[in-house]
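Everything below concerns the one structure shown next.
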Amino acid sequence: MPQLLEGQLAVILGIANKWSIAYSIAQAFSREGATLLLTYLGEHQKEAVESLAGEMSVAKIVPCDVTREDDLTALTETLRSLGRPLHAAVHSLAFANREDLTRPFVETGRGGFLLAQEVSAYSLVAVARAVAPAMTAGGSIITLTYGGSTRVVPNYNVMGVAKASLEASVRYLASDLGPAGIRVNALSAGPIKTASARAIKDFSTVLDAVAKRAPLRRNTDPGEVADAAVFLASGLGRGVTGNILFVDSGMQIMGL
Ligand code: NAD
């Protein structure tokens, strides 16, 4: 089988540990022949990301807190220093205060609302601006979203609103960057047990509901999301931009 991302350079933001969706995507990209630039958040994640980088083809591992303009400027510089075009960027990150994922949405404070928007939605705009100059031969920017953006999922709350903003940002970025051959899409994954997901109160109830009611009668495997990311990054996805692609066992089509 030919490798779908042979000779490509991809930057992946959002690996925290081996359960991270970003790690599954990094593994799939590496399997398909891509060279990776990985980022980590804070010194406590550095060692974990370095050890997970193990058998993958990784050009560099750099710190990047998406709320820090300096880190994003440094990312642009690192990409420039690699001296080759960037083909793909994966934005697989989000954050909200735990209390905003456990109490009624109506109690969300201004600070928690803005924090979720900044880290989980605005950061895509900032990252796109940081990586686009390196996408000299066109490219693919991929973010991760969830169906709680358009439907109410218990306790997803402020993150659902941030994902709605993220999905709208995908469309505006796709329109802006399309003329440069840069595609921007989101993968809407079904619920997956990761560190972030565990912060959502009663998350296991959501997993149970999907396993019972989704057309495929099972939960989403992170490898399925990763393979869809390969599609979007590869030439196979060359005509796709501004899309929200569901990888959720079909759960999003169900009414009751
Ligand atoms: P995860 O906890 O493994 O990953 C979240 C990542 O966000 C971590 O690596 C964390 O370091 C990073 N992050 C948080 N604040 C940051 C900041 N200021 N700067 C840089 N990075 C920061 O969890 P995950 O489930 O793999 O989440 C990845 C993405 O997938 C998120 O956007 C999440 O909303 C989305 N998603 C997850 C699920 C699910 O059920 N797990 C479903 C659909 C979409």
Considering segment 52-73 alone, what residues qualify as being under 17 Å from Leu36 (Cβ atoms) and assigned to a helix (DSSP H, G or I)? Leu52, Ala53
Any idea which of Thr39, Thr78, Thr73, Thr35 is among the hydroxyl-bearing types (Ser, Thr, Tyr) and either surrounded by fewer than 15 Cβ atoms within 10 Å (Cβ to Cβ) or at pLDDT below 95 (or both)? Thr73
Just the residues that are buried (at least 18 other Cβ atoms within 10 Å of the Cβ) and either free of Cβ contacts under 8 Å to residues at least 12 places away in the same chain or within 10 Å of the ligand (Cβ to nearest atom) (or both), please, taken from segment 46-70. Val49, Cys64, Val66
When you go through Tyr23, Tyr40 one by one, which is the residue that is within 14 Å of the ligand (Cβ to nearest atom) and within 25 Å of Phe231 (Cβ to Cβ)? Tyr23
If we keep only residues of segment 139-149 that are more than 10 Å from the ligand (Cβ to nearest atom) and touching a helix residue (DSSP H, G or I) at 6+ places or on another chain (Cβ under 7 Å), then the residue farthest from Ala189 (Cα to Cα) is Ser140
How many residues of segment 1-19 are within 14 Å of the ligand (Cβ to nearest atom) and either in a strand (DSSP E or B) or touching a Gly at 6+ places or on another chain (Cβ under 6 Å) (or both)? The answer is 3
So Met251 passes all but one of these: (1) free of Cβ contacts under 8 Å to residues at least 60 places away in the same chain; (2) crowded, with 17+ Cβ neighbours inside 10 Å. Which condition number does it fail? (1)
Is it the case, given these coordinates, that Ile182 is more than 13 Å from the ligand (Cβ to nearest atom) and not basic (Lys, Arg)? yes
Considering only segment 187-209, state which residues are near the ligand (Cβ under 9 Å from one of its atoms) and not in a helix (DSSP H, G or I). Leu187, Ser188, Ala189, Gly190, Pro191, Ile192, Lys193, Thr194, Ala199, Ile200
Can you give me the number of residues within segment 172-196 that are surrounded by fewer than 16 Cβ atoms within 10 Å (Cβ to Cβ), in contact (Cβ under 8 Å) with a residue 40 or more places away in the chain and of a type in the set (D, E, K, R)? 1
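The values are calculated or read from the model by the stated rules, or taken from the named source; none is laboratory data. Small disclaimer: the values here were computed from a predicted structure and weren't measured. All Cβ positions, even for glycine, are placed from backbone atoms using ideal geometry, and neighbour counts span all protein chains on display.
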